[in-house]
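**Q** This is the structure, below, for whatever I ask next.
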Amino acid sequence: MKFQMNGFVMRLAIVTVIASLSLTLAYQCLAQGGVPELPGPGNTRISREQQQQLGFQAAAEVYKQIPVLPDSSSETQFVRQLGQRLVATIPPEHSWPFEFHVVAQKEINAFALPGGEMFVNVGTITAAANEAQLAGVMAHEMSHVYMQHSAKQMEKAQLTQGLAGLAGAIFGSKGGTLGSLAQAGVQVGAGMVMLKYSRGDEAQADEVGAMILYRAGYNPQAMADFFKTLESQGGSGPQFLSDHPNPGNREAAIQKEIQGWPPKKYQTTGSAFTQVRQQATAVKTYTADEIAKGAKTGQWDALNKQNGAVLKSAAGVAAPETTSAKSSNTTGNPAPSNDVMPGSRLLTVDLGPMRIARPENWDVIAAQQQGQSITIAPRSGIVSNGIGYGVVINGASFKGKATIDEMTAEIVRSLQSGGDLQVVGKATPIEVAGVGGRSVTMQSTSPFPDARGQSQKERDWLITLPRPDGSAIFLVFVAPESEYERLSPTFDRMLKSAQF
Ligand SMILES: [Zn+2]
């Protein structure tokens, strides 16, 4: 079953967010020797692949709307080297394929997109009093990516929408990528990239950014200094400050944080930085107004292409043109480990409108409100672009009175709007807990490759059951065709266990 970024399947998967939101506050941990360890990046249901995909799509938009220096420019080269030095401080298992770009803009700004594409204005390079200050801005941006702040914003947005209503949650798929980006707090338009971070995110980006700086050998105080300079100047950095609001006592908080860290001989400004900053003053830059105008006429798109400043796909992320539901030979997902297979022991879970048995080793990803959507699946059966193993349970409401056949047809149509789902055969009557429903066998492409790494078919078994109030409950049992028979007995047992 494919996830849709705004569709109902995604919403099924995000309902555990409430529990994890409170975990996103950074905590500080000192390893032996007192070197600060980065806090864990927290949990988010928006997968790494989805974050990279979103970020890449936003970056592609940036290249159409903003003048970007070619990768070969000395400014970009320098920023890239500095960036890699900062990246080296991040635990590899939580890192991202960071890419660094320089924008030919006069004003001070920098932004990073989910997945790791970072853009630094020429104005930021020339305004930095020293190398550590430039590193400070970049470490702050890097921390937003590392802590997955955009993805967490997106979860919050989807959660709020998800509570708005069951019918809307199922049938109201809207927005596409731009909607997803907006939910992630990223807006690209008229030559501007606007980010929405909470003050909590800001405090956290400062905190983690200071650790990255320290670990990279830069004085973390420099980040506080640069913010201070920005605030006192007012004029040239308002965009940066509105994207990154002061969480309050910014300098004091950073100073307090770094107090206990062991003294260190910090990296001083090298001659390379001094040289690049000097050169940067000669780069042709544009004001925000000029960039906004040029974005409308396509000036930057043309200029970037002419300069060879074209976005390259980061590792493993498809370019926007190829992101449609086309199936390729490989799915990009690793084959799931054997732990997706249900254990023989079943536990009963009370979902509110219904009770159903579940394999002990499959999780219930449940809604907070009665009547909302639920997934029962093994953790490793859920990947960025879909559920490969498990059961999706949802409800549907209908305008006016509908027969079970009409309801089923409507639910099938809704499910098909999310991807390549084919109905195999006809809907047949089935009785579940004394309720006469319909059984429909469907087929789609599994998000998991087969043993040889090739894409494979998935069976999606839909059960629709009418409820006394005129709504319906439906369940979709999901497994690759090749393994369906192994899971089928469990699916049958689950269905037989259902009670209303
Ligand atoms: Zn920030």
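**Q** Since K293 meets every condition but one in (1) among the basic types (K, R); (2) at pLDDT 80 or above; (3) loosely packed, with under 11 Cβ neighbours inside 10 Å, which condition does it not meet?
**A** Going through (1) among the basic types (K, R); (2) at pLDDT 80 or above; (3) loosely packed, with under 11 Cβ neighbours inside 10 Å one by one, K293 breaks only (3).
**Q** Further question on the same structure: Please work out if T408 is modelled with pLDDT of 90 or more, surrounded by 16 or more Cβ atoms within 10 Å (Cβ to Cβ) and hydroxyl-bearing (S, T, Y).
**A** Answer is yes for this residue.
**Q** Any residue in region 412-434 that is surrounded by 20 or more Cβ atoms within 10 Å (Cβ to Cβ), in contact (Cβ under 8 Å) with a residue 24 or more places away in the chain and in a strand (DSSP E or B)?
**A** Looking through region 412-434, at least one residue is surrounded by 20 or more Cβ atoms within 10 Å (Cβ to Cβ), in contact (Cβ under 8 Å) with a residue 24 or more places away in the chain and in a strand (DSSP E or B).
**Q** While we're here: Can you spot a residue in region 213-233 that is under 29 Å from S73 (Cβ atoms), assigned to a strand (DSSP E or B), modelled with pLDDT of 85 or more and more than 16 Å from the ligand (Cβ to nearest atom)?
**A** Within region 213-233 (the criterion being under 29 Å from S73 (Cβ atoms), assigned to a strand (DSSP E or B), modelled with pLDDT of 85 or more and more than 16 Å from the ligand (Cβ to nearest atom)), the answer is no, since none of the residues qualifies.
**Q** Can you pull out the residues in region 276-296 that are touching a residue at least 40 places away in the same chain (Cβ under 8 Å) and of a type in the set (S, T, N, Q)?
**A** Scanning region 276-296 gives Q279, T281, T285, T287.
**Q** T441 - would you say it is among the hydroxyl-bearing types (S, T, Y) and over 30 Å from the mean Cα position of the chain (by Cα)?
**A** Considered against the rule, which asks whether it is among the hydroxyl-bearing types (S, T, Y) and over 30 Å from the mean Cα position of the chain (by Cα), T441 comes out as yes.
**Q** Test I125 against the stated conditions and say whether it is more than 15 Å from the ligand (Cβ to nearest atom) and either touching a residue at least 24 places away in the same chain (Cβ under 8 Å) or on the phi < 0 side of the Ramachandran plot (or both).
**A** Yes, satisfied.
**Q** Are any residues in region 185-203 within 15 Å of the ligand (Cβ to nearest atom) and of a type outside the set (S, T, N, Q), and if so, which ones?
**A** Matches in region 185-203: G185, V186, V193, M194, L195, K196, Y197, R199, G200, D201, E202, A203.
**Q** Does region 242-250 contain at least one residue that is within 28 Å of the chain's Cα centre (by Cα), within 16 Å of the ligand (Cβ to nearest atom), farther than 22 Å from E117 by Cα and assigned to a helix (DSSP H, G or I)?
**A** Yes, there is a match, as at least one residue in region 242-250 is within 28 Å of the chain's Cα centre (by Cα), within 16 Å of the ligand (Cβ to nearest atom), farther than 22 Å from E117 by Cα and assigned to a helix (DSSP H, G or I).
The values are calculated or read from the model by the stated rules, or taken from the named source; none is laboratory data. All figures in this text were calculated on a predicted structure; none of them were measured in a lab. No Cβ is skipped: glycine too gets one built from the backbone with ideal geometry, and neighbour counts run over all protein chains shown.
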